[in-house]
Amino acid sequence: MKAPLYIFILFLFFLNGCLHTEPRENKASIPSAPKESSVVSKKGMVQIPGGTLSMGGDNDQADLNEFPKHEVEVASFWMDETEVTNAQFAVFVKGTNYLTVAERAISWEDLKKEVPPNTPKPPDSLLQPGALVFKPTDQPVSLNNPGAWWHWTIGANWRHPEGPKSNIRDKMDHPVTQIAWEDATAYAAWSGKRLPTEAEWEWASRGGLENAVYPWGDEDVNAGAPKANFWQGMFPYENKKTDGYFTTAPVKSFPPNAYGLYDMAGNVWEWCNDWFDFDFYKNEGAKKSNTKGPAKGYNPYMPHQQEKIIRGGSFLCNDDYCSGYRNSRRMGSSVDTGLNHTGFRCVVDP
Ligand SMILES: [Ca+2]
Ligand SMILES: [Ca+2]
């Protein structure tokens, strides 16, 4: 009895990237920067100096796709000192009536064009607006099987990050989550900013420290006072919560890096502008000054979907799983996917 549902949940996990339609009226109305302000407010932002980034893995936890380490010139820019919060995102939505991807209708007619031929139509009861929500397992499980802890949840969206019964009333200073890449870019455009490139993100995360593993340096993530919001204990079933937070934490709950940026490690993954190509660092394009990444993405483990880069890890990361809090850790996420461990921050040119 369990097998079909389980397979379907996995199906949804892997195909969530094409689950949501893009209503033309919503797309057409993606808001631009408020006209009254020709100068973008740099309140809550810090200036990041330009320089030469030594980009890529620094220790033996680094994945193959973090190599080869290579140099990239990065021009100066300004960056939000925190992840975009629920309070900030609420101002955007109130001013624009923007509807996030997770709140939009799902069309099987569109979806079936992007799945293998003869994929059966899921029941209508499941083809409803929603997003993926993390739930801890009740026992140790194989870490190769994200379907065991990610659950397609109808009614999950940025206002209800853990499902329809959850809310953000006491989380207005937490990072906004359940944000698809296009939601993040719409917010950035409205605020007159943009998403960082992957190189800018890593350069900023390093905070001027060359070849350090973490934004704070090389001290082990598990040593001393909590350095970031991540997962302590056996993922995904036992969270000892010694940092005080099971899911998101209010922004600025942990010390900033040397550039004054908070939560570059952990709390929520952050969207970047670049496509995720697993082998991009092997290309000459990776070494271009101010590289904007590859022209399209390729993830050999998810060949059917186009993914954008996410950086910095989340409250779900630990050393046994993704060690996403390392400066060089790179992951791809489907552009239309909402997850309750993914948000973003913006940058702006000087
Ligand atoms: Ca935590
Ligand atoms: Ca973060």
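Counted residue by residue at 0.36 nm each, then reduced by the alpha carbon distance between them, the extension gain from residue 42 to residue 141 reaches 31.1 nm.
Once the C-beta distance of residue 165 and residue 189 is scaled by a Förster radius of 30 Å, the resulting FRET efficiency is 0.40 to the nearest 0.05. Starting from the Cα gyration tensor of segment 162-223, take the square roots of the eigenvalues, sort them a ≥ b ≥ c, and report rounded, prolate or oblate (rounded when a/c is under 1.5, otherwise prolate if a/b is larger than b/c, else oblate). Oblate, because a/c is 1.5 or more while a/b does not exceed b/c. Under 20 Å of direct C-alpha separation, and excluding same-chain neighbours fewer than eight residues apart, residue 69 reaches these aspartates and glutamates: 58, 60, 198, 200, 202, 210, 218, 274, 277, 279, 284.
Rounded to the nearest 20 debye, the dipole size of segment 91-190 about its Cα centre is 140 debye, using +1 on the Cβ of Lys and Arg and -1 on the Cβ of Asp and Glu.
Structural descriptor for the chain: relative contact order 25 percent, calculated from alpha carbon pairs under 8 angstrom and at least 6 residues apart. The distance between label points at residue 64 and residue 225 comes to 4.1 nm (points 7 Å beyond Cα on the Cα→Cβ vector). Label point of residue 154 set 7 angstrom out along Cα-Cβ; within segment 115-144, amide nitrogens under 11 Å from it belong to 123-130. Taking a point 7 Å from the Cα of residue 54 along the Cα-to-Cβ direction, the residues of segment 189-222 with backbone N closer than 12 Å to it are 209-213.
The chymotrypsin sites (Phe, Trp or Tyr not before Pro) of segment 47-112 include none that DSSP puts in a loop with a beta carbon having at most 15 other beta carbons within 10 Å.
For the chain, the Cβ-based charge dipole about the Cα centre amounts to some 880 debye (Lys, Arg positive; Asp, Glu negative; other atoms uncharged). Straight-distance candidates among the aspartates and glutamates for linking to residue 241, with alpha-carbon spacing under 20 Å and chain neighbours fewer than 8 residues away dropped: 138, 162, 170, 173, 219, 220, 263, 319, 320. Pairs of Lys residues in segment 100-215 are counted when their Cα atoms are under 20 angstrom apart and they lie 8 or more places apart or on different chains; the count is 4.
Computed from the C-alpha gyration tensor, the three semi-axes of the ellipsoid equivalent to the chain are 29, 24, 21 Å, from longest to shortest.
What the Cβ-Cβ distance of residue 234 and residue 172 gives, at R0 = 41 Å and to the nearest 0.05, is a FRET efficiency of 0.85. Packing, taken as the mean count of other beta carbons within 10 Å per residue, orders the peptides 151-161, 214-224 from highest to lowest as 151-161, 214-224.
Please sort 297-308, 312-323, 246-257, 267-278 by packing, taking for each peptide the average over its residues of neighbouring beta carbons within 10 angstrom, highest first. Walk me through the intermediate numbers first.
Values: 297-308: 16.2, 312-323: 22.8, 246-257: 19.8, 267-278: 25.8.
Highest-to-lowest ranking by the protection proxy: 267-278, 312-323, 246-257, 297-308.
Projected onto its three principal axes, the C-alpha set of segment 85-203 covers 44, 38, 35 Å, listed from the longest axis down. Using the Cβ-Cβ distance between residue 320 and residue 108 with R0 = 51 Å, the FRET efficiency computed as 1/(1 + (r/R0)^6) comes to roughly 0.85.
None of the figures in this text is laboratory data; all of them are computed from the coordinates on show. Being a predicted model, the structure only gives us computed values, none of them experimental. For neighbour counting, all protein chains shown are included, and Cβ atoms are generated from backbone atoms with ideal geometry for every residue, glycine included.
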